[in-house]
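Here the structure is laid out as structure tokens; the discussion comes afterwards.
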Amino acid sequence: MPADRRLPLWAGRTAALLGILLIALNLRSAVAALSPIVDQIANDVALGPVVLGIIGAAPPVTFAVTGLLAPWLSRKLGLEGGLLLAAAAMVVGHVARSLAPNSTMLIIATTVTLAGAGFGNVLLPPVVKRYFPDRLTQVTTLYAVLIAVSTALPALAAVPVATRFGWRSSLAVWAVLALTALTPWVIATVRHRRELARLRQSDETQGVESEPQLEGRLVHSLIAWAVTVTFSISSINVYAAFAWMPTMLVDIAHVSRVEAGDLLSLYAFVGLPAALVVPLLASRLKNIGVLLYVAFACFLIGYGGLILAPAAAPILWVVIVGIGPMLFPVALVLINARTRTHAGSVALSGFVQGVGYIIAAVSPLVFGILHEATGSWTPSIVFLLVLSLPAIPAGLILAKSRYLEDDLGRQRGGAT
């Protein structure tokens with residue numbers, strides 16, 4: 001469908017829209033639903049420090065692996081088939097971990113659930129580009145908001161449900177939500193099989209079949225690295241915050257543990273308005289680099305406050321730092337806005353999230369090691385600021401309206 005031909009949002013693509021939104025609503029439940037009820041799970045299943053460490057590291061590691069594998073999955077099953085598999089993995093994973101008799105099964109089931117979410121992470125941007133090229137901003141905004149909801153809702157509901165019905169029910173309930181995401185993609189695949197086959201044939205002729213070569217060349221693209229930096233900075237700060245912010249605030253801001261937990265919830269909540277506003281800004285600004293500069297300024301001011309006067313205004317510092325991860329919806333917009341084809345979108349999405357989550361998986365570990373080695377939180381905070389500095393050169397690169405395929409074409413032309 002031509003991007004300049006605007007159709008009603010639901011016109012001929014209701015199943016795809018529902019599928020996109022329902023997948024988005026499931027993308028963080030595997031992460032957010034488990035950690036609040038770990039103590040209750042531990043009453044029935046042995047959860048030592050090693051197991052908890054594996055479960056804590058599983059989300060970014062699994063997302064990184066699936067990010068690198070998702071383009072291959074897309075070539076084998078198509079975008080629709082890939083999302084169908086993602087939804088099925090989430091259903092199976094949620095059910096399996098609610099029935100887990102031991103820690104090994106809990107880890108395996110959690111990994112399956114996270115793998116489904118990881119494939120969904122990567123395949124959503126290109127499927128939006130396929131079905132809604134005329135409404136990229138609106139649909140990206142909708143699903144970015146639902147990703148934020150999928151982070152907050154399970155965290156809020158997990159403890160009350162577990163208290164009343166048990167921890168197994170608290171984990172199993174998310175399988176029902178994942179099942180709703182499965183249905184639209186079954187309908188879309190069956191109803192539009194011939195149409196999708198025609199589209200895939202057209203796309204593959206122009207790029208999807210050459211995706212392995214395209215993926216291999218992304219490492220040479222400034223656009224690919226700039227978008228990866230944008231995504232990575234958001235992920236680095238978010239994973240470090242969820243791992244260490246409550247403990248850090250208790251030490252440096254002298255708040256209670258309950259207040260520290262509330263401040264972490266506030267930090268997460270700031271992402272909801274950002275998801276509403278940022279995609280619109282990203283699609284309208286002539287210089288999208290401005291958003292990267294603003295994000296870095298938020299990190300600089302917020303972390304600076306936590307270093308220099310943490311107890312003076314912890315709420316203010318947390319809110320300002322929480323604005324910085326607005327780079328996540330910026331990256332989602334860029335994956336489609338800076339590619340011309342579905343093939344480019346799939347390849348860029350896989351590269352950005354694969355590399356980005358690898359970096360994000362390491363950052364909480366280094367953050368903690370620096371604190372343990374120095375006895376102070378300042379080196380750890382400075383570490384996050386240093387890793388956020390590449391937002392400046394990335395913003396300069398993204399200030400120019402360049403497309404991935406053109407960038408790679410110039411690289412190939414120079415090579416020849």
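The values are calculated or read from the model by the stated rules, or taken from the named source; none is laboratory data. Just so it is clear, the structure is predicted and the values come from calculations on it, not from any experiment. With ideal geometry, Cβ positions are generated from the backbone for all residues, glycine too; neighbour counts draw on all protein chains shown.
Can you find a residue in region 206-227 that is modelled with pLDDT of 85 or more, of a type outside the set (Phe, Trp, Tyr), buried (at least 20 other Cβ atoms within 10 Å of the Cβ) and in contact with a Lys or Arg (Cβ under 8 Å, 6 or more places away or on another chain)? Yes, region 206-227 contains a residue that is modelled with pLDDT of 85 or more, of a type outside the set (Phe, Trp, Tyr), buried (at least 20 other Cβ atoms within 10 Å of the Cβ) and in contact with a Lys or Arg (Cβ under 8 Å, 6 or more places away or on another chain).
Each row is one residue, and each column tells you yes or no for (1) crowded, with 16+ Cβ neighbours inside 10 Å; (2) under 18 Å from the mean Cα position of the chain (by Cα); (3) in a helix (DSSP H, G or I).
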| position | (1), (2), (3) |
| --- | --- |
| LEU153 | yes, yes, yes |
| ALA157 | yes, no, yes |
| SER169 | no, no, yes |
| ALA175 | yes, no, yes |
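Rundown of residues vs (1) of a type in the set (S, T, N, Q); (2) crowded, with 24+ Cβ neighbours inside 10 Å; (3) in a helix (DSSP H, G or I), yes/no style:
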{"position": "ALA243", "(1), (2), (3)": "no, no, yes"}
{"position": "SER265", "(1), (2), (3)": "yes, no, yes"}
{"position": "PRO273", "(1), (2), (3)": "no, no, yes"}
{"position": "PRO279", "(1), (2), (3)": "no, yes, yes"}
{"position": "LEU292", "(1), (2), (3)": "no, yes, yes"}
{"position": "TYR303", "(1), (2), (3)": "no, no, yes"}
{"position": "ILE315", "(1), (2), (3)": "no, no, yes"}
{"position": "GLY350", "(1), (2), (3)": "no, yes, yes"}
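Which of the residues belonging to region 93-113 are surrounded by fewer than 24 Cβ atoms within 10 Å (Cβ to Cβ) and touching a residue at least 24 places away in the same chain (Cβ under 8 Å)? Break it down stepwise before answering.
Residues of region 93-113 that are surrounded by fewer than 24 Cβ atoms within 10 Å (Cβ to Cβ), as a first pass: 95-96, 98-105, 107-109, 111-112.
Across region 93-113, the qualifying residues are VAL95, SER98, LEU99, ALA100, PRO101, ASN102, SER103, ILE107, THR111.
Number of residues in region 251-263 that are without any contact (Cβ under 8 Å) to a residue 60 or more places away in the chain and surrounded by fewer than 19 Cβ atoms within 10 Å (Cβ to Cβ): the value is 7.
A quick yes/no check of all residues on (1) part of a helix (DSSP H, G or I); (2) touching a residue at least 12 places away in the same chain (Cβ under 8 Å); (3) β-branched (Val, Ile, Thr):
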| residue | (1), (2), (3) |
| --- | --- |
| ARG340 | no, yes, no |
| SER345 | yes, yes, no |
| ALA361 | yes, yes, no |
| PRO364 | yes, yes, no |
| SER380 | yes, yes, no |
| VAL386 | yes, no, yes |
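Looking across region 177-192, the residues that are surrounded by 17 or more Cβ atoms within 10 Å (Cβ to Cβ) and modelled with pLDDT under 85 come down to ALA188, THR189, HIS192.
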